[in-house]
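Enquirer: Okay, handing you the structure first.
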Amino acid sequence: MNSIKAVSYPVHFQDKGYKELSNLISTNNYSTIFILVDENTFDLCYPKFIPNLETDKRIEVIEIDSGEINKNLETCIGVWNAITELGGDRKSLVITLGGGVITDLGGFVASCFKRGIDFVNIPTTLLSMVDASVGGKTGVDLGVLKNQIGLFANPEMVIVDTEYLTTVSEREIKSGTAEIIKYGITYDTKLFNEIKNNKGLNVNDLIFRSIEIKNEVVLQDPKEQNLRKILNFGHTLGHAIESFYLESEDKENLTHGEAIAIGMVCESFMSSKLLGFPSEKVREVKDVILSIYNRTILLKEDFAAIMDLLKHDKKNVNGQVNFVLLNDYEDHKIDCKVPEELIIESMEFYNK
Ligand code: NAD
């Protein structure tokens, strides 16, 4: 598979990635290589990765606890302390080996350490391959508020090796599928139809096409002034729902993709009411999503808390919640204001 040239870094696939990584390390003469993992990627991915790393540099592994709940500043401080105690300097390289939590947090940690050291992303979940590891957004949550602290920073390269997916649970594969559906709805109807018809899907092709789309969008609008906002489709309400489940001790957390999938159904409904997005397409989006994910009934008594979390979305300006909605597939409108009653109606529509 050919590499994809992103903004200022390449995305390499399979073995080629490891060769390029070895070249990068020898060319830049890094002092130490820090590999950031969680306990799952240490057990399942590190043994696959390490034989591919050809270097005589010092290697240190830093492990954090897995899960969104640990994507916070406290964990970053722990990693910064570990890098410092292990003698990290400005010529250190961080390799993030994990899902979106590791690539988001690791990229942020590297970009802030001594005002920025190099990092390489090696995503190990479907979601992080198709979305989180590409595009230059790094950061962590503040309490349960998603991605409130962070910055744009590009890795030196991204290496996508689908071998890592062999140990990813079906639930996490479905989580990544939500972001591929998002690309289909907002940017590539052919891709959406392929998922809808679920025939002869090849995971390598899906990943390659998803990264191509993300890259095309980010290249045109790296700082999310306009087009890039389409990548937030389903995420405005989706993030509030994800946060709500994170903070509710009596409820099982949703995966990122499960929450975004609910968000896409609701935001399709809002689009039909406000922009005339065809109602048969709302139905289609809902059907595709409910064919992949079990319905999570959103309880009426939880609506107020979800609405409250929505008010903290990063895209809000002057306290106004800004949605990206659809006129049609592949045709979006940014900065849409949605009346509170319609947001609630959209959650009731999803529940039905
Ligand atoms: P994750 O990193 O929490 O991974 C999910 C689970 O899979 C974890 O328990 C992890 O330990 C485990 N895991 C990882 N690789 C594995 C493997 N190969 N085999 C077995 N288990 C493995 O979450 P995720 O779903 O990968 O990513 C979600 C995060 O990505 C969210 O924080 C979201 O906000 C972020 N995100 C960021 C962007 C961006 O542009 N930066 C885009 C989309 C999502």
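The values are calculated or read from the model by the stated rules, or taken from the named source; none is laboratory data. Predicted model, so just to flag it, every value in this text is computed and none were measured. Note that each Cβ is placed from the backbone with ideal geometry, even for glycine, and that neighbours are counted across all protein chains shown.
Enquirer: Being farther than 13 Å from Pro155 by Cα, within 16 Å of the ligand (Cβ to nearest atom) and in contact (Cβ under 8 Å) with a residue 60 or more places away in the chain is the filter here; which residues of region 76-96 pass it? Can you show your working first?
Expert: As a first pass, look at region 76-96 and keep what is farther than 13 Å from Pro155 by Cα: 76-92.
Subset that is within 16 Å of the ligand (Cβ to nearest atom): 76, 79.
Result: Cys76, single match.
Enquirer: What about Asn121, is it within 21 Å of Val218 (Cβ to Cβ), surrounded by fewer than 20 Cβ atoms within 10 Å (Cβ to Cβ) and either within 10 Å of the ligand (Cβ to nearest atom) or at pLDDT below 95 (or both)? Even if it seems obvious, please write down each step before you answer.
Expert: Working: within 21 Å of Val218 (Cβ to Cβ): yes; surrounded by fewer than 20 Cβ atoms within 10 Å (Cβ to Cβ): no; either within 10 Å of the ligand (Cβ to nearest atom) or at pLDDT below 95 (or both): yes.
Judged against the criteria, Asn121 is not a match.
Enquirer: Out of curiosity, is Tyr18 in contact with a strand residue (DSSP E or B) (Cβ under 6 Å, 6 or more places away or on another chain), among the aromatic types (Phe, Trp, Tyr) and within 27 Å of Ile211 (Cβ to Cβ)?
Expert: Numbers: in contact with a strand residue (DSSP E or B) (Cβ under 6 Å, 6 or more places away or on another chain): no; among the aromatic types (Phe, Trp, Tyr): yes; within 27 Å of Ile211 (Cβ to Cβ): yes.
No.
Enquirer: With the requirement that a residue be more than 24 Å from Thr75 (Cβ to Cβ) and in contact with a strand residue (DSSP E or B) (Cβ under 9 Å, 6 or more places away or on another chain), what does region 21-51 give you?
Expert: Leu21, Leu24, Ile25, Asn28
Enquirer: Also: Could you tell me whether Ser175 is more than 16 Å from Asn40 (Cα to Cα) and either surrounded by fewer than 21 Cβ atoms within 10 Å (Cβ to Cβ) or more than 9 Å from the ligand (Cβ to nearest atom) (or both)? Before the answer, list the steps.
Expert: Values: more than 16 Å from Asn40 (Cα to Cα): yes; either surrounded by fewer than 21 Cβ atoms within 10 Å (Cβ to Cβ) or more than 9 Å from the ligand (Cβ to nearest atom) (or both): no.
Criteria not met by Ser175.
Enquirer: All but one of (1) within 13 Å of the ligand (Cβ to nearest atom); (2) over 30 Å from Gly143 (Cα atoms) hold for Ile185; state the number of the condition that does not hold.
Expert: (1)
Enquirer: Another one. Kindly provide the set of residues from region 137-166 that are of a type outside the set (A, V, I, L, M), touching a Lys or Arg at 6+ places or on another chain (Cβ under 9 Å) and farther than 24 Å from Ser22 by Cβ, ordered by number.
Expert: If the condition is that a residue be of a type outside the set (A, V, I, L, M), touching a Lys or Arg at 6+ places or on another chain (Cβ under 9 Å) and farther than 24 Å from Ser22 by Cβ, then Gly139, Asp141, Lys146, Asn147, Gln148, Gly150, Phe152 are the ones that fit.
Enquirer: Moving to a separate point now. Quick one: would you say Thr84 is modelled with pLDDT of 95 or more and part of a helix (DSSP H, G or I)? Outline the logic, then answer.
Expert: Values: modelled with pLDDT of 95 or more: yes; part of a helix (DSSP H, G or I): yes.
Spelling it out, Thr84 is indeed modelled with pLDDT of 95 or more and part of a helix (DSSP H, G or I).
Enquirer: Failed condition for Ser175, given (1) under 19 Å from Lys315 (Cβ atoms); (2) polar (S, T, N, Q); (3) touching a Leu at 6+ places or on another chain (Cβ under 6 Å), with all others met?
Expert: Every condition holds for Ser175 apart from (1).
Enquirer: A follow-up question, please. Could you list all residues from region 31-63 that are near the ligand (Cβ under 10 Å from one of its atoms) and either in contact with a Cys (Cβ under 6 Å, 6 or more places away or on another chain) or assigned to a strand (DSSP E or B) (or both)?
Expert: Selection gives Val37, Asp38.
Enquirer: Only one of these is in the same structural domain as Ser22 (by TED's automatic domain parsing), within 15 Å of the ligand (Cβ to nearest atom), in contact with a strand residue (DSSP E or B) (Cβ under 6 Å, 6 or more places away or on another chain) and in contact (Cβ under 8 Å) with a residue 24 or more places away in the chain: Gly106, Gly99, Gly135. Name it. So that I can check it myself, show each step before the final result.
Expert: On the way: Gly99 fails: in contact with a strand residue (DSSP E or B) (Cβ under 6 Å, 6 or more places away or on another chain); Gly135 fails: in contact with a strand residue (DSSP E or B) (Cβ under 6 Å, 6 or more places away or on another chain).
Of Gly106, Gly99, Gly135, the one residue that is in the same structural domain as Ser22 (by TED's automatic domain parsing), within 15 Å of the ligand (Cβ to nearest atom), in contact with a strand residue (DSSP E or B) (Cβ under 6 Å, 6 or more places away or on another chain) and in contact (Cβ under 8 Å) with a residue 24 or more places away in the chain is Gly106.
Enquirer: Could you tell me how many of the residues in region 1-26 are modelled with pLDDT under 95 and closer than 21 Å to Phe113 by Cβ?
Expert: Number satisfying all stated conditions: 2.
Enquirer: Just give me the residues in region 147-168 being touching a strand residue (DSSP E or B) at 6+ places or on another chain (Cβ under 9 Å) and either near the ligand (Cβ under 7 Å from one of its atoms) or assigned to a strand (DSSP E or B) (or both), in sequence order.
Expert: If the condition is that a residue be touching a strand residue (DSSP E or B) at 6+ places or on another chain (Cβ under 9 Å) and either near the ligand (Cβ under 7 Å from one of its atoms) or assigned to a strand (DSSP E or B) (or both), then Asn147, Gln148, Ile149, Gly150, Leu151, Phe152, Met157, Val158, Ile159, Val160, Tyr164 are the ones that fit.
Enquirer: Determine the pairs where a residue that is surrounded by fewer than 19 Cβ atoms within 10 Å (Cβ to Cβ), located within region 185-198, has a partner that is of a type in the set (A, V, I, L, M, F, W, C) with Cβ atoms under 6 Å apart, the partner being 6 or more residues away or on another chain.
Expert: Matching pairs, first to second residue: Lys196/Val288.
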